[in-house]
Every structure is written in structure tokens, then in C-alpha cells.
Amino acid sequence: MYAFEFHRPKSVSEAAALLAKSKGKLIAGGQSLVGAMKLRLASPENLVDLGGVAELRGIKREGNAIVIGAGTRHAEVAASKDVQSSIPALAALAGGIGDRQVRNMGTIGGSLANNDPAADYPAAVLGLGATIRTNKRTIAADDFFKGMYETALAPDELITAVSFPAPKKAAYIKFRNPASRFALVGVFVSQDASGVRVAVTGAGSAGVFRATALEQALAKNFSPDAVKGIKVDTAKLNTDLHATAEYRAHLITVLAGRAVAKASS
Amino acid sequence: MNAPEKAQSAIGASVRRKEDYRFLTGGGKYTDDVTLPGQSYAYFVRSPHAHAKILKINKSAALKAPGVIAVYTGDDTAADKMGGLPCGWLIKDVKGEPMKEPPHPPLAQGKVRHVGDQVAVIIAETYNQAKDAAELLEVDYDVLPAVVDAVEALKPGAPQVHDGAPNNRCYLWSLGDKAATDAAFAKAHHVTKIDITNNRLIPNAIEPRAALAHYNRADESYTLYVANQNPHVERLLMTAFVLGLPEHKVRVIAPDVGGGFGSKIFLYAEDVIVTWASKKVNRPVKWTADRSEAFLSDAHGRDHHTHAELAMDKDGKFLGLRVKTIANLGAYLSTFGSSVPTYLYGTLLAGQYTTPAIYVEVDAAFTNTTPVDAYRGAGRPEATYVLERIVSQAAREMNLDQAEIRRRNFITAFPYQTPVALMYDIGDYKSCLDKAQKLADVAGFPARRAEAEKRGKKRGLGYSTYIEACGLAPSNIAGALGARAGLFEAGEIRVHPTGSVTVFTGSHSHGQGHETTFAQVVAARLGIPVESVDVVHGDTGRMPFGMGTYGSRSIAVGGAAIMKALDKIEAKGKKIAAHLLEAAESDIEFKDGKFTVAGTDKSVPFGGVAFSAYVPHNYPLDKLEPGLNETAFYDPGNFTYPAGTHIAEVEVDPETGVVQIVNFSAVDDFGNIINPMIVEGQVHGGLAQGIGQAMLENCVYDQETGQLLTGSYMDYAMPRAADLPSFKVDTHVTPCTHNPLGVKGCGEAGAIGSPPAVVNAVIDALAPLGVKHLEMPLTPERVWRAIQGKPTKVA
């Protein structure tokens, strides 16, 4: 790890000002960033730590939505009675991220801003049609994820909260990479009045995406049988050491069917 | 394995590990925990290329970096006439010619041969300063084409790793009677053939390698703390072959060591360089590998490609076995790299079977990869994998039950001379198989399979009836086969005046629990509490000598040396007791901690004899030296032959290819058991590693660039608790006939027996779908592709 300046603001406005002034990097749990810094793959000269910003933490209900502060830890989301009762699939997803240490340090805002192509939260945000709130605006899930490790966030913009509408049904199934235990393929399925969403993480060469062919089939018939035999296009899927695009495509269909069954059970 | 209640010092009692209090409370002291006054830090600059010429190295910027004390390259080691790292086993090829032994320089001499090869060392005041300076070292490379696959390396036109090894061949070696084997095949009713790969593994001990060297100019001596399994061997090789130092001026200490699995047997460049550099800079020099360095620089394991053929008569009796293996040795010969695919492999191909004719050829290749050497089992897992896979395949082709084909071919009369050099002293393979079948509830398997089928899952049962050769080794036999070291062990029993005992053993514990097991052996023999015995190991300054721990040899060889020393203690004790009790020496019996005049109630306790030996007021000083301290060296008369049956039961999700191991049963014959709990722990650890190889672990290099693609836990899949079932383990005992404890060794069996059991089980599960063959590791995609009838595409 190289030496760096460490800043610990107390408020969102102070954090934004520090970020703009230092041209540094936000750290929001650091479960990806610190590892990269230790390997000298990342070398920010300034780190702006959001861990001391109290207003970023907490979970509340707003009508039919659950609003989660960006600084909320995965373990807190997993343990939240509000999340468990309104969107149990989201609580389960948070409880399955990384390991115990990661869940107690990592935050939802940090995960979404990082947009790791195999992270879990992007699947929930896209799969539930959530809204990202920042210090400047709100961004719809469909507009937020811009590719591997890329988002719609401006350099001086930071996530403050995420608003998840409670769906009628939802489930997330993660097929773990046997080495990293990240999602080799993760499929988040939800159904509510506005329709069906199927979000896929781990598989796409540009990060999380919606599997529209599966959504269309499930919109007509929300049952595991509806997706059977649907071939997901392999063109934009990853082939790497752990799986080919062909296998990932197959898993997306299988996991989508299983997620529908789980959501319906 | 519920041992009956026994006295807490008795042999056969599950005495709690004496070392655990230390380890569980953070009291362990590993090499990196040692800090010496004035200590400096080394960081190695490693090759980023698999194969390249070094055109120029410019040190000047690195030397000017903050805190830098010195920068050394291959030019500096050459100027000091440093030797290359030696190989400890000379293999002679099929023509009787010695293997090719190209130089293995501790710092590269004009060329790098694998990613991670040592190019330079930076020594600085802090670790981070050394690492920062490393980035400033300018090295100009001329990148050359690389070859990482042993099969490719042996082909004409492949990039040449060493000038002194044409066609990248280190040796073409053979064992067995080719003519007799050909004759057996000529009369065969059926021949089963397989082509299989034994996947390359990275050891991953929890403690990365580390070395801390200190030169004392007052007496011109060196002390090296090093994470190592055999400090005397480390010292011998380093002083005699590399640095030319007087052996008595070098003390090597291997303190607490956090796992080795073989990877810490070897003499590594880093150990040599920090020792040498500690004199150059006149400061203690510490190096500790980070995990990425461990992936690149710890010797790897396995990496065989094998074609095997098994000839049978119409009843499935084995007539002959023919094996051709291509073994990857990596870029250089590691300390025992040459012996692993030869004498530790070919000699095991008889397995538990009476196959009368066996012929094996091994073609060993240099490649642009990290050196390959012994890794838990070392050659024996590779042999077992070949044999147990082909036997299972043969059973399917012959339409025979998996257990039945094994039973028909078991060796039942001992001693048994195999056609591949070994002489098995004893075993009872059928009883192990019977017991394992009961443990695994084989009788209930059809019902479980039918139940799984209803859930859409495929169940399978896989057998492995393995044997290994442990207790390395009769030194004269090993020497005749090319070993350049003895393979005895030394032990010293130091009885203190008050009757407590310190044991000095040449074996080395890095997780095996010797401090407990060996203490039990001594306590039981002397009739004293186990708490009164401490075991010291891992220090050339304290032990008489030692060959270290590997190849499941510690209890069989190290324990036997301790028993021999105890014989001497007892003999001297009898002389002292005879004097004290005023009886003839021949009338003294030693039992339950007391020396007794036979047939009387006259006795003196062991402690009384000890006290008398050190306070010799009433003592036969005219005939006997005072003191009670005995040393023994033990050279084994034969290998030991642990053997057993492992049965895996798996359930496969045919939709995804995911394999779950639902049951794993192991019945092992380790001879007599000293501490059942420790043995069970060793079996569990071995099974986890073997299942790791079968299911998850795979070292992959990029075929073009030679880059290690699985260089971290993001890509190298290690087994975790959730991947493993709750093991069912038991033992069946036939005591070893030729060592005093009747023991055979238990450290590697789990890793040897389990991989073929798992793979055979998955093939059994998928056979109804037409699957005949699978390669390790059984990743979900590989299994799914096999079910789909698609060729494997993933690494």
C-alpha cells in the first residue's frame, strides 16, 4: 500500500467538498478498495471516508418503499425487520454477500458506486427497479449502471440512499464462483404491478443487465415453466477461467426458473 | 473412532494436543514473529515474464531510494561464487545416463525461466521501503516464447528452457519388466485404457514462507530462522552446495511452522539469499512472502499427463499394467522434484493388487513454470489416481461390481514383493474394504439413489482402495536409487534429575501434533505423566541431527529413533536400579514406571533412578557414567505401507453440473495408533485436500504468455467447510512388522485415497447418462458439459 491522506468528514456536504477539493476517492466500507490498495492496484492520494457520516446510515419506510442509507452495512440490511418483512429477497441477498467480515464493513452505497460486475446489490437495484439518491439528484436503476465498474455518478457525486419499492414477489439466486465465491451468475427476479424484472449479475461483460427475453416470458406467465428452453444470447456474456459464456447463458435460464419458484413459494 | 477410556498418557488415548494452548492463545512463535535488533527487510524483484533474457539491470535509482541498504543481482552472487540450488535425488534414465541437471541459480543469471523467478533482492530499513525501491529497479528484458505444458514442452520446436536439457527433457525413466508386461497384454482377454491428467496444485500453507538470517561477526556464525520442515537438511544443502560455509557455523531454526504440505521441505533461493546477504550488510535480514509471492514461488504439486492400460483375463484378474506419464518439473529441479514422479510414483503402481507385470515410463519435462516438487502424498496420489481410475473403468467395461473387481485382485499373502520394487510387509485390504462398505452403508445405496432420482438428482458411489509407501526410508535402498541424503532419524532422551524428560527429535511438527504424540510414546514407555515430557524440535543447535518431516515418516522413523533411545535409557536405568536394589542387573524388570527385582516387592521408581544418575552418591561410578541422557539414530528396514478404502457418495444436479459430496467414508490401516484424535484430524485434513484437488483446486497458466492465471484466491479455488461432508472415518489395524511401535504413518492418506473415490463416484452417478470420463477438478461446467456430451472448454 502506498501512503495516502485520510479524510473523515462528518456530513454529506463536507464529504462532497473534500472530494471535490482533494480529487480523492471515497471509501465506504473499503471491502474492495482496501484490497486493491494493498495489492498496489489502486493508489489514491486522498481517501475520503464516509464511515463518520451519520446521516448516510439507517433504514426507513417511505410508503411502499424501503429506503436504505448509502452507509448502511450489509449486515444491517440483512438483519432489518423492515427489509425482511417488505422485501425478504433483499434481506437474504444482503446476508449472502461475501463473508461475515465483509458484511459488517461493506456498505450498499460503496457496493453500488463500485459496480463490480459480480456484485450482488446491482442485481437487486436493477431487479427491483430501485431509485438511487445522490447529493445532487435521483437516478433510476435503469440509468445508473453504465458498464463494468462504471456508473452514472459524476466525479463529485455521492450516493446518499437507495429507495426500493416493495414488490409483490421477488427472489435472488446466486451461483457462486468456486474460488472467489462472488456470483458466477446471480439472477434477481421480481414481479409487481408494473411488470416483471429479471436482473443478472456476474455474467455480463458490461456488468449487471436485464434479461429481457426472460422478462417477456415471465410477464405472460410468472412460473418456472415459462422460462424453460429460453436461450439467453451469449454475445454479451463473459467467458473466463471459471465459466464460458455458453454455460453462463444456461445458468441464467436455470437460475431464473429457480428464482421464480422461490419467489412463488 | 471412539477409543475406549485409557489412562491419559497411554498409547491409544486421545490426549488433547499439548501445543494447542499455545496456538489458540496466540502464543505460537513463527519465523515472522521473530524480530532481531537492527533487523532489515528483503524484498525480491521477480520476473514478470515466463521466459526472457535479462539484457541489463540498472540499480542506481533503487539504490538511491529512501531506506535502501543494498541491492543485489545475479552478478553479485556470481562474484561471490555462490552455487546453484541442488537437487537431492539423481535419477538415471532408461539408458543409465544421469538426468539433466541445469543450474538453478538463487538469483537469475542472464535469463528468467518462470513468472516469479528471482531477479534481484532489495534490502532496506523497512519492508515498504524495500518494496518501493523494487519498483525503481530497471530491468531490460528480451521476452522469449514460453512453454508451460509438459506435453507441449517435449514436442519438437518447443521453446527451450535450458541449454543443457535438449527438448526440455530432464529424463525418460522406466521401472518394471517391459517384456513380461508386453507378454501379459498379449494374452489378455480385455484391455482397459485411459488418458488422465493429474491437475497441478498450489500448496497454500496458512503461514507463507519466511526467513530471517543473522550473521554474528564476533564468531563468524550464522543463525537462520526459516519456515521449514527439515532444518538439518536445509543447513546441509545450503552450506555444502550453495554457500560453501562451515556447517558448524550455521544454526538453522524452524520455529513454529504453520503448515507445509511438502512445500517447506525444500531449500529455496530466498533462504540462501537472506543468509548470504546478512553478512554482506552485517545486519539481520528478514523476508516474509506475501500471498501472491507464495502462489508464484512455493513449489507446486502434481501436474501429470498419463496414458494407462490394464490387461485382464476373462474373470477380471489383472494380468499387466502399462503406464506412460509425462511429468512437469517446472523451470528448475527443486530439491526433491526429480524423485516425485519416479521412485515415489512408479513404485506405487501395484496398489493393493497382485498384478504380476507392470511397466511404467515417465518422461519428465522442464517448462516455464514454478518448480514442481513434493506436495502432500508426493507421487503416491498420482499413482493412486491412475490405478483407481483405471480399475473402476475396468469394472464398468467388464460389467463387474466395483468392490468385487478389487476383491478379486487383492494381495492377501504377506510379505509381498511387487513387480515395481517394493516389498509390502503386511496389510489386510479385504477387511478395510468390508469395514468401509459398512461405514458407507453401501447396502442402502440403491434406495438412496432411487430417492435422489425422484428429486431429479443423480447419485453415485466411488471407491478407492489405495496404498502408500511411507516411513522414508531405508537409506541404503534410497541411496541405490539415487537419493543424495540419508533417510534415518535421530532422537535424544534427556532425563532430568527429578525424572521429567525433554525429548529432542529430528522430526519436525508443522501441524502434526508431535509434541503430544511423541510425548505419549515416551510417557507410556517410562510410566510417567505426559505432562512430564516436553518435545523439542526444529533447531540444528539443539538436536543431534534430523531428517525432518515429510512422507508420513515422523512416527514410523522419528518415533522409532525415540524408542531406540528409550531402550538405552531403560538399559542404563536397570544397571542403576540393580545397584540401588543390590540385585543382579538381569533380575531387574522395568514396568509401570518402576524398576523391580523380579519376583520381589523391592523396587525403585523411575524418578529415583534419574535422581541417582545425577546425584551419584550411591552409584556404581567405577562401572557406569553418571547422567541419564541417550541418543539414538534409527534407519528403517523397509518402507511402511498404510492402506485403506475410501468410499465417496455424491449427488449431481444434472441441470447445473453441481456435485455435492453427501457422504465420505474412510477406513485406513495406519498400523498401531498412538493418538486416535490426532490421527482423525490428519485424515480429515488430508481428505479436505484430496477433495479440494478433485473438486476445486487447479493451477492454470496462460499457454501463450506463461502468466499464472490462478495467482490469488479470487481464481484458485480452495476447499471450505461447506464443500465437505461430515466425514466417517475408522481404522483397521495390522501393526507394521519392522518398527518398534508397529506404526505406519497417517499424514498423507487422506489426500492420496480421496481424489479417485470422488471422481469415480461422479462417473458412477453419470454413467447412466453416458458419461465415461471426467478430469479434475470437477467444476460445475465440466460436469455439465460431460452430461451434455460437449467437449471441455474451460481451463
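Rule-based calculations on the coordinates, nothing more; no lab input. Remember, it's a predicted structure, so these values are computed and weren't measured experimentally. Cβ sites come from the backbone with ideal geometry, for glycine too, and all protein chains shown count toward neighbours.
Tabulated results
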{"item": "Ellipticity estimate at 222 nm from DSSP helix runs (n ≥ 4, -39,500 (n - 2.57)) divided over chain B, nearest 500", "result": "-8000 deg cm²/dmol"}
{"item": "Average partner coverage of B:754-764, which counts Cβ from other chains inside 10 Å", "result": "0"}
{"item": "C-alpha center-to-center spacing [segment B:347-416, segment B:711-746] in angstrom", "result": "18"}
{"item": "Fully extended contour minus Cα-Cα distance, from residue B:92 to residue B:586, at 0.36 nm per residue", "result": "172.6 nm"}
{"item": "Neighbour-count ranking [beta-carbon atoms within 10 angstrom, fewest first] of B:370, B:35, B:306", "result": "B:35, B:306, B:370"}
{"item": "Evaluated at q = 0.10, 0.12, 0.19, 0.21 Å⁻¹: base-10 log I(q)/I(0), Debye formula over Cα of segment A:54-165", "result": "-0.24, -0.34, -0.92, -1.15"}
{"item": "Partner lysines for residue B:29 [C-alpha distance under 21 Å; skip if fewer than 8 residues away on the same chain]", "result": "B:18, B:264, B:286"}
{"item": "Size of the protein assembly as shown as Cα extents on the principal axes (Å, biggest first)", "result": "102, 75, 67"}
{"item": "Span from the segment B:505-527 Cα centroid across to the segment A:192-258 one, whole angstrom", "result": "58"}
{"item": "Relative pair counts by distance (%), Cα atoms of chain B, 10 Å bins", "result": "3, 13, 22, 24, 19, 12, 5, 1, 0"}
{"item": "Ranked list, fewest to most other Cβ atoms within 10 Å of each Cβ, for B:507, A:163", "result": "A:163, B:507"}
{"item": "Share, in percent, of DSSP beta bridges within the protein assembly as shown that are antiparallel, nearest 5", "result": "80"}
{"item": "Inter-centroid distance (Cα atoms) of segment B:235-291 relative to segment A:108-181, Å", "result": "50"}
{"item": "Kyte-Doolittle at least -1.0, axis length at least 20 Å by Cα - qualifying DSSP helices, chain A", "result": "A:245-264"}
{"item": "Added length on full extension, which subtracts the Cα-Cα distance from 0.36 nm per residue, residue B:615 to residue B:78", "result": "187.7 nm"}
{"item": "Spatial extent of segment A:5-52: Rg and Dmax, with the Cα atoms as the point set, Å", "result": "10.5, 31"}
{"item": "Translational diffusion of segment A:169-264, µm² s⁻¹ [Kirkwood Rh, Cα pairs; Stokes-Einstein; 4 °C; 1.567 mPa s]", "result": "100"}
{"item": "Ranked list, fewest to most other Cβ atoms within 10 Å of each Cβ, for B:99, A:105", "result": "A:105, B:99"}
{"item": "Mean projection area, nm², convex hull over Cα of segment B:176-235", "result": "9.0"}
{"item": "Exposed-loop-free span, longest in chain A, where trypsin sites (Lys or Arg not before Pro) count as exposed if DSSP calls them loop and at most 15 other C-beta atoms lie within 10 Å", "result": "A:41-135"}
{"item": "Shielding by other protein chains, B:707-713, mean Cβ within 10 Å", "result": "2"}
{"item": "When each of A:38/B:56; B:324/B:744; B:131/B:279; A:25/A:174 is checked by Cα-Cα distance, pairs over 23 Å", "result": "A:38/B:56; B:324/B:744; A:25/A:174"}
{"item": "Extension gain (nm, one decimal) between residue B:125 and residue B:55, 0.36 nm per residue minus Cα-Cα", "result": "22.3 nm"}
{"item": "Average other protein chain Cβ within 10 Å of Cβ, residues A:174-183", "result": "5"}
